[in-house]
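A short reminder: the numbers here are calculations on the coordinates, not readings from a lab. As the structure is a computational prediction, the values presented were derived from the model and not from experiment. Positions of Cβ are generated from backbone atoms using ideal geometry, with glycine treated the same way; all protein chains shown enter the neighbour counts.
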There are 2 protein chains.
Amino acid sequence: MGKATTNIIYSQKFFDVEERNFLLPHGINKKYSIVHRRPISVIFPLEDDKNLYLILQYRHLFGKRILEAPAGHIDNGETSLDGAKRELREETGLEARSWKKIIEYDSSGSVIESHVSIFLARNLKRGTALPEDYEDIKLIKISLEEAVKKVMSGEISTSSTIIGLLLLDKAYKENKL
Amino acid sequence: MGKATTNIIYSQKFFDVEERNFLLPHGINKKYSIVHRRPISVIFPLEDDKNLYLILQYRHLFGKRILEAPAGHIDNGETSLDGAKRELREETGLEARSWKKIIEYDSSGSVIESHVSIFLARNLKRGTALPEDYEDIKLIKISLEEAVKKVMSGEISTSSTIIGLLLLDKAYKENKL
């Protein structure tokens, strides 16, 4: 679908900004600016099929604490599962003996490249949380039913937590959890 | 949660990049880079409670056509509903007499600010699509059941289409669609 020339114009810890010129088939030359974000792992630690853990975390973007699943950027050299295990341990102190990836998706179809992997973590063991010095995190045990209600009411409002909870709800109702 | 100084360091049609310095309560000064994306409306045009329209669209980010819901950035001065009506008309040629917002959410809890509104559009009327000159779009009629299967198989893999379809599936099974 045409040749491309590219140019990274801004680079930061969690993302790059690229300006890319595409020559479209009908001769139009179009410049796209694309944000490439580092891939993310999101974790749903399940206590049993009806209860799970979320975190209440202060988010500068919203200026308040929000309820969401533990998550973080995958480090260089890590697989998405490595990143999931590390983030779960750092943010919650939990470790899990059983891991399953339930979905991989892209946050956006254009402008922003951001790949997300969501995992279920079971057979949990409590350890000590090791949050980054700028993180302010509280572990919250919640029923799946209550969490899904908070999606429907808008109290839970970030995409990866919404997708994970809707998939868990669907699996539970289909006796597949 | 501390004072902030801010600086827009890159500005483009669909997003800005901001560097923001936060003074955290325990005296740590931390710089965040944040992408502010223009808000988006996503539309699910329903033919009836079992069938809907998606679009097959070439996406430079993936180098291929992907199946997704009609969507687009909200223009200055538009409400999210105005943007939804315009994008539906431009991308599919469809108009709808009945509109309902089913969810609003944020694509991300950190790094990227991107607000999304998802609408159901019913009582459809066919007009003429007016895609942008760089858009390459094909309208696809599909059953809700088939679309949800494509979410579970990974064939549908962008977040707003996944969230809309999982909510439609949930509403249909609860006789609320």
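List of remarks:
- Estimated purely from DSSP H runs of n ≥ 4, each contributing -39500 (n - 2.57), the mean residue ellipticity at 222 nm for chain A is -7000 deg cm²/dmol once divided by its residues.
- Between A:27, A:109, A:127, the GNM of chain A built on Cα springs shorter than 10 angstrom shows A:27 fluctuating the most.
- Note on chain B: Cα Rg divided by 2.2 N^0.38 Å, N the number of residues, gives 1.18.
- Helix axis angle, A:159-173 relative to chain A longest principal axis, alpha carbon, degrees: 50 degrees
- In this assembly of identical copies, the label point of residue B:152 (Cα plus 7 Å along Cα-to-Cβ) is separated from its counterparts by 2.1 nm, sorted shortest first.
- 11 Å cut-off, amide nitrogen to a point 7 angstrom out along residue A:26 Cα→Cβ, residues in the stretch B:130-150: B:131-137
- Exam field: residue B:47 pseudo-label spacings to other copies (7 Å along Cα-Cβ), nanometres: 4.5
- Sites residue B:62 and residue B:128 - FRET efficiency at Förster radius 25 Å, r taken between beta-carbons, to 0.05: 0.35
- Relative to the 2.2 N^0.38 Å rule of thumb, the stretch B:51-131 has a C-alpha radius of gyration ratio of 1.16.
- In terms of its C-alpha gyration tensor, the stretch B:77-177 comes out rounded, because the ratio a/c of the largest to the smallest axis stays below 1.5.
- Based on every Cα atom in the protein assembly as shown, Rg and the maximum pairwise Cα distance Dmax equal 20.4, 60 Å.
- Taking trypsin sites (Lys or Arg not before Pro) across the stretch A:117-177, the ones in a DSSP loop with at most 10 further Cβ atoms lying within 10 angstrom of their Cβ are A:176.
- Restricting the stretch A:1-65 to trypsin sites (Lys or Arg not before Pro) that sit in a DSSP loop and have at most 13 other Cβ atoms within 10 Å of their own Cβ leaves A:3, A:13, A:50.
- The lysines whose alpha-carbon is closer than 24 Å to the alpha-carbon of residue A:125, local same-chain residues fewer than 8 away aside, are A:50, A:85, A:100, A:101, A:138, A:141, A:176.
- DSSP bridge orientation in chain A - percent antiparallel, rounded to nearest 5: 85 percent
- Farthest towards the positive end of the charge dipole of the stretch A:39-173, among the residues A:111, A:156, A:76, is the Cα of A:156, using unit charges on the Cβ of Lys, Arg, Asp and Glu.
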